[in-house]
Every structure is written in C-alpha cells, then in structure tokens.
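One structure below.
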Amino acid sequence: MTVDYQRQIFEIIKREISGKDSLGNVIGDILNISQDAVYRRYRGETHLTINEMEKLSRAFSISLDNLFDLDRTKILFDFQPLNLIDFSMDSYLENICNTILSIKSQKNPSLIMTINNTPLIQLLNFPHLVRFKLFFWAKTHLQIKEYEKTLFKYEKISERTFQTGVTILKNYITIPSKEIYDLDLLRGFAREIVYYYESQLFADANYAIHLLDKLIEFVNHLQHQAEEGKKFIFNTEPPAFGNEFEMYFNETLNASNSYYYKTENGEGLFISHNLMNSIHTTEQVYVKDSKQILDKQLATSSIISKVNEKERNSYFFKIRNVIEKHKKRIELDMSI
C-alpha cells in the first residue's frame, strides 16, 4: 500500500469525526495502539497493516475497492435499519437531529435538496403533521404490531419530542440551502389523510379536517419563506440576515428526497428509500456524480424565491387548491 492511499484513509476518518475527538484517541482505541503510533501512521512513517486497514474500514464504512479504484461501479452506503430501533417519533427525530447537528458543527455547511412529496424537516414547523406522518408509516407501511388496532387521535406531543423538533429546525434554518420542489408537493400526504378518513382510522373524523387545515397553514408558511428568500420557524419573524433559502420549481418530477451537503471538511449525500429510511454515503465517485445531476436539475428548474412572483403564486395556489378540494370532499361527506 502506498502512503497516498494511507493518507486518504486518514482524511476520510478526519471528515467522519469532524473534530469531535482527536485522530490519536479514536484510531488508537480502534487499533489498540498508542497515540504516538497513530501519528507515525498519519505522517506515513509507518504503514498500516492489512489487519489495521480492515478494522478501520469496518469502523468508518470505508470502501477499499473504491479507495484503490478497483471497481468504480460499487458504492458503500450506511443506514439505520428500522427493525433494529424502537420505532417512535422520538427515535426517528433524534436520528435526524444528530445528522443536522453533525453537518451544522462543521465549517461553512450548505445543502442542496430535492423534495419528493413531503419536506419532513420543514414540516416540523407543525409537529402534529409529523406525528400523523410517522403514525401512518408505522401502522400502514411498517405494520408495527402495537399500531394494528390503534386509531389515530389527538395527543399532546411530549416536551422531549417538541424540543427535538425545535433543535432540528433551529439548526436547519441556519444552513443555506437550495431546495427543488415539484407539483407533487404534499399531494400524497393529503391523500393519506383522506385514506384514513375513508377507512375510519381516525378516532374523531373531524381531526381529518384539522390536519388538512394545518397542511394549508404549512403551505402558507413555505410560501412566506419563499417570498422572503429566508428560512424561519413558523410564527416568528423572518431573520434580518443569513439563513438563505433558494426555492426552485421543477415542472416535471423529483424522483426522490435527496440531501447533498458540503462543508469545509467534505461532502456527502443522503437519499430517502423505502419511504421513511435513508441511506448515506461520502464516497466521492458517487457524491460528485450525484452533484452533477443536482446542478443540472437546478439549471432546468425555475427559481421562485424572492423573484418570479407570478410563477411562485401560481405554484402555491395549485398546491393549496388540491388540499382544499380534499377538505371540501370530506366536509360534504360528513354533512350527509
């Protein structure tokens, strides 16, 4: 192994720990060697052994195939299997919170996002909508046993859950972002509310109307942010500076929720899959390829934050109109 490859391994590890600890401590614990021995390897004075490379690749999910350019078509992703955690609103949000805090802790972070149906982080401005979304996933998609005979009803959100959501939002709004939205925004979410109403899965059918009203409030809040070109939490005033929000309208379709991030420490990509989980990679061959696609998508989309008032108003009118039609349909059904 050449020193150049060894240096790349250490650079990957430095990005992963993001200054939270020293290389000497982290790698010394994994390899069971002294800090002095770690830094001799870091400086290239001592080569990593095959056994040490294996331990580090497992600990930090480093693909040695890609590192040595053995197969550029194979990429290593990491993810959190849902069946290995106690699925709840708390556990799900805490995972998002840890990710946002990790990105925010690095220097000069920025985001490029494509939104497919539901902008979950923005939705935290209305935590009861997030609570419904996660309940729907747990009961209808995951089919978790304890949800099997449970109807959805209003419940006060715990202080712990609320504060986790606030922490996510407070950090997210400080990270400049370019976000691409399409005409399918929230349409699936609205259909899920209608589905629960028609399936009599609400303890109180009126709660379906309440959720749709909240969905319209959320659309209004998103439009307000687009008008200002700034991200801010619901029921607060737009910040006087910073928190850049560039909103783009894609007239076709966003195939997935993708979250590209870049900091002075490096770049990476999260992609949603199976509706509610996400996979993550920092492998440059894939990240750079994805970034090129995102850049092309930005170039073919229309920016509707701060400028293009007519197109922006038209976009949000269409989104609201879809939700209003679902609401009127339920109201008519309830009046019969």
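Scan region 188-199 and give yes if some residue there is at pLDDT below 95, farther than 23 Å from residue 290 by Cβ and in a loop (DSSP other than H, G, I, E, B), otherwise no.
no
Answer with yes or no whether residue 228 is charged (D, E, K, R) and surrounded by fewer than 18 Cβ atoms within 10 Å (Cβ to Cβ).
yes
Could you check region 181-211 and list, in sequence order, the residues that are under 22 Å from residue 233 (Cβ atoms) and among the hydrophobic types (A, V, I, L, M, F, W, C)?
Passing the criteria: 185, 186, 189, 211.
Assess whether residue 125 counts as being buried (at least 17 other Cβ atoms within 10 Å of the Cβ), in contact with a His (Cβ under 7 Å, 6 or more places away or on another chain) and assigned by TED's automatic domain parsing to the domain that holds residue 254.
It is true that residue 125 is buried (at least 17 other Cβ atoms within 10 Å of the Cβ), in contact with a His (Cβ under 7 Å, 6 or more places away or on another chain) and assigned by TED's automatic domain parsing to the domain that holds residue 254.
Only one of these is within 13 Å of residue 111 (Cα to Cα) and in contact with a Gly (Cβ under 7 Å, 6 or more places away or on another chain): 245, 270. Name it.
245
Would you be able to say whether some residue in region 143-159 is of a type in the set (Val, Ile, Thr) and either outside the structural domain of residue 107 (by TED's automatic domain parsing) or assigned to a helix (DSSP H, G or I) (or both)?
no
Of the residues 269, 298, which single one is surrounded by fewer than 20 Cβ atoms within 10 Å (Cβ to Cβ), touching a strand residue (DSSP E or B) at 6+ places or on another chain (Cβ under 7 Å) and of a type in the set (A, V, I, L, M)?
Unique residue meeting the criteria: 298.
Output the helices (runs of 4 or more DSSP H) that fall wholly within region 1-56 and possess 3 or more residues being at pLDDT 85 or above, or say none.
So the answer is 23-31, 35-42.
Counting only residues that are buried (at least 18 other Cβ atoms within 10 Å of the Cβ) and either part of a helix (DSSP H, G or I) or modelled with pLDDT under 95 (or both), how many does region 301-321 have?
Within region 301-321, residues that are buried (at least 18 other Cβ atoms within 10 Å of the Cβ) and either part of a helix (DSSP H, G or I) or modelled with pLDDT under 95 (or both) number 4.
Is it the case that region 165-174 has a residue that's touching a Phe, Trp or Tyr at 6+ places or on another chain (Cβ under 8 Å) and under 30 Å from residue 238 (Cβ atoms)?
Yes, region 165-174 contains a residue that is touching a Phe, Trp or Tyr at 6+ places or on another chain (Cβ under 8 Å) and under 30 Å from residue 238 (Cβ atoms).
Which condition from (1) surrounded by fewer than 18 Cβ atoms within 10 Å (Cβ to Cβ); (2) assigned to a loop (DSSP other than H, G, I, E, B) is the one that residue 293 breaks?
The one condition residue 293 does not meet is (2).
Would you check which residues across region 131-152 are among the charged types (D, E, K, R) and surrounded by 11 or more Cβ atoms within 10 Å (Cβ to Cβ) and list them?
Answer for region 131-152, where residues must be among the charged types (D, E, K, R) and surrounded by 11 or more Cβ atoms within 10 Å (Cβ to Cβ): 131, 133, 139.
How many residues does region 100-129 hold that are in a helix (DSSP H, G or I) and in contact with a Leu (Cβ under 6 Å, 6 or more places away or on another chain)?
Residues meeting the conditions: 2.
Can you tell me which of (1) within 17 Å of the chain's Cα centre (by Cα); (2) surrounded by 19 or more Cβ atoms within 10 Å (Cβ to Cβ); (3) in contact (Cβ under 8 Å) with a residue 40 or more places away in the chain is the one residue 283 doesn't meet?
All conditions are met except number (1).
When you go through 250, 235, 243, 274 one by one, which is the residue that is modelled with pLDDT under 95, buried (at least 16 other Cβ atoms within 10 Å of the Cβ) and polar (S, T, N, Q)?
Answer to the selection: 243.
The values are calculated or read from the model by the stated rules, or taken from the named source; none is laboratory data. Just so you know, these numbers come straight off a predicted model, no measurement behind them. FYI the Cβ positions are ideal-geometry reconstructions off the backbone, even for glycines, and counts take in every protein chain you see.
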